[in-house]
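Novice: Sharing a structure with you now.
The values are calculated or read from the model by the stated rules, or taken from the named source; none is laboratory data. Values in this document were obtained by computation on a predicted structure and should not be read as measured data. Cβ sites come from the backbone with ideal geometry, for glycine too, and all protein chains shown count toward neighbours. Ligands, DNA and RNA are excluded from the accessible area calculation, which covers all protein heavy atoms including side chains. Shrake-Rupley method; radii C 1.70, N 1.55, O 1.52, S 1.80 Å.
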Amino acid sequence: MERNLKNVLVISFGFLLLFTAYGGLQSLQSSLNSEEGLGVASLSVLYAALILSSMFLPPILIKKLGCKWTIAISMCCYIAFSLGNFYASWYTLIPTSVILGLGGAPLWSAKCTYLTIAGTSYAEKAGKNAKDIINQYFGVFFLVFQSSGIWGNLISSLILSQSSTKVEISEEDLECCGAYNCLTDTTNTTASAKPSNSLIYTLLGVYTASGVLAVLLIIIFLDQIKSDQAETEKEKLEAPSFWSTFLATFRHLKDKRQCLLIPLTMYSGFEQGFLSGDYTKVYVTCALGIQYVGYVMICFAAVNSLCSLLFGKISQFTGRKLLFALATVTNIACIIALLLWKPHPKQLAVFFVFPALWGLADAVWQTQTNGLYGILFEKHKEAAFANYRLWESLGFVIAFGYSTKLQAYVKLYILLSVLVLSMVTYGAVEYLEAKSSPGTPAATKKENGGPHSQETHM
């Protein structure tokens, strides 16, 4: 096997193992650690730490440690979060969430840097176009990585469904589920239906082991980038000073189009935060039990993955406006239906319809918003994508931050309002683009989410 491809596969499977654990844990936080909103508070803190991390840490760590060791050490930050869940309290989960958030940005930056150097190196040897090889390597990476959402949630569902204490949820308790949920501590049934400690420890043990395997895989099998190749990349990292890169992110806000895209970018964080923090808790766990959370999120991950692939291919024919319209209509229909629906165990299929439709819409938000940033800000991509990460992460922070303070129907109205505002400001961006270049509408250009589309998923 060609050596560079071997390294790409090592990174891909390392990330698969790591995010199998993290993805499963994130989906369960609001249900597993529901006391005083600890689970969603930890996620809010995590994304706040990620914002700080993405501004400061990646260039420093990659320059000092190189890509291989930055990846390995950052992965250990994720393992710390799994360990914090063994004894979930404000004193364990919040610090480990900060650690994970700080490790998140260097992990993704080092991965992108490594794959880019590996692709360029192979292209030089083989006399091929570097961009083609780099795209191919990222394609292999995301093909493997995307399935992590399926495996992580499958593990949690299989383990948690072993619970011997199957509790019948009374009609009275079901009244507390759905949009007009009771804000009292997650309803009696959720507490009584919580799996035994031994099952939770088994699940956390599997997740921790998965993270440890990921680190070992990187340390043992990933080649360190040759010093001459790494030097070139270090020079690129050093070229803009630390503060100039930091300030460039905010200077980029002078661009009117960037300001108009802030609501759309934040909406991406809001809608993902609602699904993993609220839908799983007040609809699924409340009416069916925590063991169904994994199956529901598998449905979301599978549809999201397939649609991301599909929309990446068809966007060149349909243009992005049509896809944004499809996602908007789908999300609005889901929000209205969630406001009206009273979840009941007898309607099992409906619990899966919502995440499937949400996955379809989210695939558009991820691929097309990234594509839009890449096309609009081609000359200032670094500052543009730093803004993307900043505003999407802020959306997550806010969504998880108010998760335990408001009833679900209020959060759905907030989602609806932000979505409508996003489409108005996005329409303004398209209008400005059409006005500035009437001969070449941006929609006819090929749009592709590229390697950035998953970075903010942590």
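Novice: State all residues of segment 320-335 that are in contact (Cβ under 8 Å) with a residue 24 or more places away in the chain and either crowded, with 17+ Cβ neighbours inside 10 Å or among the hydrophobic types (A, V, I, L, M, F, W, C) (or both); if no residue qualifies, say none. Working first, answer last.
Specialist: Initial filter on segment 320-335 (in contact (Cβ under 8 Å) with a residue 24 or more places away in the chain): 320-321, 323-324, 326-328, 330-335.
Correct list: 320, 323, 324, 326, 327, 328, 330, 331, 332, 333, 334, 335.
Novice: In addition: Please specify each residue of segment 403-422 satisfying the condition of being crowded, with 18+ Cβ neighbours inside 10 Å and either within 13 Å of residue 263 (Cβ to Cβ) or of a type in the set (Ser, Thr, Tyr) (or both).
Specialist: From segment 403-422, those crowded, with 18+ Cβ neighbours inside 10 Å are 403-404, 408, 411-412, 415, 418-419, 422; that's our starting set.
Correct list: 403, 404, 415, 418, 419, 422.
Novice: Another question, then. Take segment 301-323 and flag every residue that is of a type in the set (Phe, Trp, Tyr) and touching a Gly at 6+ places or on another chain (Cβ under 9 Å). Please lay out each step first, then the result.
Specialist: Step one: filter segment 301-323 for residues of a type in the set (Phe, Trp, Tyr), giving 311, 317.
Across segment 301-323, the qualifying residue is only 311.
Novice: Would you check if residue 371 is over 22 Å from residue 26 (Cβ atoms) and small (Gly, Ala, Ser)?
Specialist: Details: over 22 Å from residue 26 (Cβ atoms): yes; small (Gly, Ala, Ser): yes.
Answer is yes for this residue.
Novice: Among 376, 390, which is surrounded by fewer than 24 Cβ atoms within 10 Å (Cβ to Cβ), under 30 Å from residue 281 (Cβ atoms) and assigned by the TED database to the domain that holds residue 326?
Specialist: 390
Novice: Please enumerate the residues belonging to segment 271-305 that are open to solvent by less than 10 Å² (accessible area, probe 1.4 Å) and outside any helix (DSSP H, G or I).
Specialist: Answer for segment 271-305, where residues must be open to solvent by less than 10 Å² (accessible area, probe 1.4 Å) and outside any helix (DSSP H, G or I): just 289.
Novice: Tally up the residues in segment 149-195 that are modelled with pLDDT of 75 or more and within 23 Å of residue 24 (Cα to Cα), please.
Specialist: Qualifying residue count, segment 149-195: 17.
Novice: On the phi > 0 side of the Ramachandran plot, of a type in the set (Gly, Ala, Ser) and touching a Ser or Thr at 6+ places or on another chain (Cβ under 8 Å) - does that describe any residue in segment 57-75? If you could, list the steps in order and put the result at the bottom.
Specialist: The first filter runs over segment 57-75 and keeps only residues on the phi > 0 side of the Ramachandran plot, leaving 66.
Cutting the leftovers down to of a type in the set (Gly, Ala, Ser) gives us 66.
Going one step further and asking which of them are touching a Ser or Thr at 6+ places or on another chain (Cβ under 8 Å), we end up with none.
No; the residues of segment 57-75 include none that is on the phi > 0 side of the Ramachandran plot, of a type in the set (Gly, Ala, Ser) and touching a Ser or Thr at 6+ places or on another chain (Cβ under 8 Å).
Novice: Of these, 12, 31, 82, 97, which one is open to solvent by less than 50 Å² (accessible area, probe 1.4 Å), in the same structural domain as residue 148 (by the TED database) and at pLDDT below 90?
Specialist: On the way: 12 fails: at pLDDT below 90; 82 fails: at pLDDT below 90; 97 fails: at pLDDT below 90.
Only one candidate qualifies: 31.
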